[in-house]
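Shown next, in structure tokens, is the structure this report addresses.
Bear in mind these aren't lab numbers, they're just calculated from the coordinates by the rules spelled out. Please read these numbers as outputs of a predicted model, since none were measured by experiment. Positions of Cβ are generated from backbone atoms using ideal geometry, with glycine treated the same way; all protein chains shown enter the neighbour counts.
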Amino acid sequence: MKKLLLFLAHPDDESFGTGGTVARYAAEGVDVHIAIATDGAAGSIADDYELGHEKLAAVRLKELKAAVSILNATLHPPHYRDSGYINDPANDHPRAFINADTDEQIERLVTLIRQIRPQVMLTHDETGGYYHPDHIHCWKIGTAAFHAAADPEQYPDAGEPHQCDRLYYTAVPKNRVQWIARMMRLRGKDPTKIGKNKDIDLTRIGVPSNRLHTRIDYRSYWEIKRAASRCHASQGGGGGFAKWMPLWMQKWLYRYDFFIRAYPLTNDGFHEKTFWS
Ligand SMILES: [Zn+2]
């Protein structure tokens, strides 16, 4: 049986980011597992705010469960605290994903890989898409665990070793981001200061097309991705940087997911239309 394991940072990354690919493979009969690293409840770090943190984490878990069930995948829920974006005070919390013990994090993921035994594993790329510290940390932990899972010398108590055939990284294509930035400028908006805290610079984001290896067409699964994204109401329900566009334009812009193949290494340039080529 074909099995796919995604290791992603936040509740919503599975839908906003890779929802189309997940929906497609699940519909094609692949056993899709989604492991989310953090509770997605950054921001409330002082003790007084602990209750607020717990409440938001509970809301986000509920949203995540609903989204993953629409995508028809199996959820492996978060164990760590959301770290927040660059310079967020939540980054200093000792239980934040980026501060917790990395050896324990790798072992936890190795255990999961050896239990599920997927052929294909997927995580964030080294830029985390938009430099989110939790995304970048997923790339570190995910890559280390992918290799460690195959090595009988490493984490011998974490199950029978398993070598996945492929490792992929999610990637935001540079030309798509440039197109959105151009459209924003035409509308009089500044693409270098976006997001809730105006701290995301769209012009720094994106992977050039010669580094993209895989392009997954999810046009037939657009509505499933949209329905899953809408479950994350606390995060705006999806649409991201293109939310203001008419629906037909969003459908045109977001019809493929792109990936970097990290294992086995391959020549640069896009040439795959599936993870099981
Ligand atoms: Zn995220």
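Along the charge dipole of the chain, which of 30, 8, 111 sits closest to the positive end, that is, farthest toward it, with unit charges on the beta carbon of Lys, Arg, Asp and Glu (+1, +1, -1, -1)?
The Cα lying farthest towards the positive end belongs to 30.
Rg over Rh of region 1-143, using C-alpha atoms and the Kirkwood radius, what does it come to?
Result: Rg/Rh = 0.97.
Pull up all non-local amide H partners of residue 124: gap of 5 or more, or a different chain, and H-to-H distance under 5 Å with H placed in the peptide plane.
139, 170
Could you tell me the distance between the Cα centroids of region 169-205 and region 90-149, to the nearest Å?
Between the Cα centres of region 169-205 and region 90-149 lies a distance of 26 Å.
Below 17 Å, Cα to Cα, which lysines can residue 2 reach? Residues fewer than 8 away in the same chain don't count.
List returned: 273.
In region 168-250, how does Rg compare with the Kirkwood Rh, expressed as the Rg/Rh ratio over alpha carbon atoms?
Value, to two decimals: 0.97.
Taking the chain, how much of its Cα-Cα pair set, in percent, is spaced more than 25 angstrom apart?
44
What list of ³J(HN,Hα) couplings, whole Hz, do you get for region 255-268 from phi and the Karplus terms 6.51, -1.76, 1.60, once you set θ to phi - 60° and write x for glycine and proline?
Residue by residue, region 255-268 yields 10, 10, 9, 10, 9, 9, 8, 9, 8, x, 4, 9, 5, 5 Hz.
Given region 139-277, what whole percent of its Cα pairs are spread farther than 24 Å?
47
Binning at 10 angstrom from zero up to the longest distance, how are the C-alpha pair distances of region 102-194 distributed in percent?
Once binned at 10 Å, the Cα pair distances of region 102-194 give 16, 36, 22, 14, 10, 2.
Return the FRET efficiency for the residue pair residue 277, residue 219: r is the Cβ-Cβ distance, R0 is 25 Å, and the value is rounded to the nearest 0.05.
0.85
So how far apart, in nm, are the two label points at residue 201 and residue 182 if each is 7 Å from Cα heading toward Cβ?
Taking the simple label geometry, residue 201 and residue 182 are separated by 2.2 nm.
Please go through the residue pairs 55/198; 174/225; 198/243 and name each one whose alpha carbons sit more than 18 Å apart in this structure.
Table pairs above 18 Å Cα-Cα are 55/198; 174/225.
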